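Presented below is the structure to which this report refers.
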Amino acid sequence: MVGAGLMGSGIAVSALTSGCRVIALEQTKEAAADARARIAETLDKTVRSGRMDADGRDDCIARLQTTAEAADLVTADLVIEAVFDDLQVKMDLFRRLDGILAPGTILATNTSYLDPDAIAAATTDPSRVVGLHFFSPANVMRLVEVVDCAKTAPDVLASALAFVKRLGKLPVVCGVTEGFIGNRIFSAYRREAEFMLEDGAVPDEIDAALEAYGFPMGIFAVNDMAGLEIAWARRKRQAATRDPAARYVEIADRLCEAGRLGRKSGRGWYAYPNGERTVDPEVTAMIKAARAAKNITPRAITAEEIMGRLLKAMVDEGTALLAEGIAARPGDIDLVMINGYGFPAHKGGPMFAAQQGKDMKS
């Protein structure tokens with residue numbers, strides 16, 4: 001495990017509790033010691049919750065090695081990186097690992113949005129590179145998108161699938177595209193939600209419609225919980241290639257520029273006095289200013305229209321993923337959205353729900 005922050009330590013815990021031996025690599029001895037403490041604390045929480053006994057925890061710790069020496073990874077069969085989501089950082093890391101690891105070692109990237117084919121190209125043997133996109137916290141979330149890169153060997157893909165199943169998780173195979181299945185659909189319906197802000201809705205109305213439909217949390221509350229800076233960095237990265245004629249909502253950029261990065265900063269789409277989510281008049285004013293700058297006259301938007309537009313955005317993007325061969329079947333898209341993004345399971349997923357709607361009309 002290369003990089004044992006929040007994501008990496010969660011993956012390490014999943015591997016340890018499934019019986020694997022884990023070597024966690026960090027940049028310094030101090031960081032390696034912190035990683036060990038972080039992993040141990042997560043295991044301790046598992047014991048306190050009654051899901052593991054003390055002997056099981058001790059057995060896991062006995063199979064954990066933390067180190068600052070990359071050469072210690074030489075015995076690994078599978079190396080998963082969970083370092084900062086920057087293409088150059090990951091390419092440099094894979095180039096370095098390529099010179100250390102045995103030829104048969106599988107290299108997996110946990111990137112959320114970056115191109116794993118570009119990362120694989122930094123190695124002398126891209127056939128041993130695969131994507132393993134875990135969801136945070138990785139020791140809790142079941143879903144793993146297994147990314148079949150352009151040159152991933154069939155036995156490497158099969159081994160990655162077997163590993164994910166060994167962890168007791170749900171693997172869904174997908175092809176290479178920015179955001180893979182889940183984040184690409186999430187980006188599409190987040191974009192539609194932001195269009196509705198300009199059209200006349202406010203964040204808590206959109207979130208209330210999603211929660212009434214069955215989502216555990218609305219999209220703006222989710223964004224605040226995840227942090228707004230990752231999507232902001234992605235938007236800045238895409239700015240040079242964005243179609244100038246395409247509709248673009250700048251409200252989220254204004255929030256980030258104002259230091260409103262979500263729950264961790266105490267302010268995002270909402271304010272969080274005493275940790276409680278509350279509507280912030282400052283955000284409402286920013287939304288009104290954005291409408292005025294584009295000469296948009298706001299109108300009332302019903303909960304029914306909100307959900308209709310959001311579901312259509314999900315289904316349209318899912319249909320495109322199927323047409324491009326990124327997703328193999330509609331059910332894979334539904335599994336990703338239910339297990340990774342809170343889509344209500346009793347609705348069957350966006351593709352299923354859309355088909356049911358069509359069947360009821362026909």
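Laid out as a table, the results:
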| item | result |
| --- | --- |
| Accessible area of the chain belonging to carbon and sulfur atoms, whole % at 1.4 Å probe | 55 |
| Relative intensity, log₁₀ I(q)/I(0), of segment 161-281 from a Debye sum that treats every alpha carbon as a point, q = 0.11 Å⁻¹ | -0.45 |
| Calculated P(r) of segment 248-338 - Cα pairs past 21 Å, % | 56 |
| Relative contact order for segment 237-312, counting Cα pairs under 8 Å that sit 6 or more residues apart, in percent | 16 |
| Over 36 Å [Cα-Cα, the chain], rounded percent | 27 |
| Segment 142-183: proportion of alpha-carbon pairs further apart than 13 angstrom, % | 51 |
| Length-normalised contact order for the chain - Cα pairs under 8 Å, 6+ apart - percent | 14 |
| Pairs of Lys in the chain closer than 23 Å at Cα, counting only those 8 or more apart or on different chains | 14 |
| Amide proton proximity set for residue 267, modelled H, under 5 Å, gap of 5+ | 261, 262 |
| Per residue convex hull volume, Cα atoms of segment 287-362, in Å³ | 152 |
| 1.4 Å probe accessible area per residue over the chain, in Å² | 46 |
| Helix-only [θ]222 nm of the chain, DSSP H runs n ≥ 4, -39500 (n - 2.57) each, per residue, nearest 500 | -16000 deg cm²/dmol |
| Computed log₁₀ I(q)/I(0) - Debye formula, equal Cα scatterers, no solvent, segment 11-85, q 0.13 Å⁻¹ | -0.38 |
| Unit Cα scatterers, Debye sum, segment 1-144: log10 I(q)/I(0) for q = 0.16, 0.21 Å⁻¹ | -0.81, -1.32 |
| Principal axes of segment 118-204: Cα extent on each, largest first, Å | 51, 30, 16 |
| Cβ-based charge dipole, the chain, positive-most Cα from 84, 49, 300 | 300 |
| 5 angstrom amide H check on residue 132, placed H, neighbours 5+ away | 109, 110, 111, 147 |
| Rounded to 5, percent antiparallel among DSSP beta bridges of the chain | 30 |
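The values are calculated or read from the model by the stated rules, or taken from the named source; none is laboratory data. Worth saying up front: this structure is predicted, and the values here are computed from it rather than measured. Counting neighbours? That spans all protein chains shown, and the Cβs are built from the backbone with ideal geometry, glycine included. In case anyone asks, the SASA skips ligands and DNA or RNA and just uses the protein heavy atoms, side chains included. Shrake-Rupley method; radii C 1.70, N 1.55, O 1.52, S 1.80 Å.
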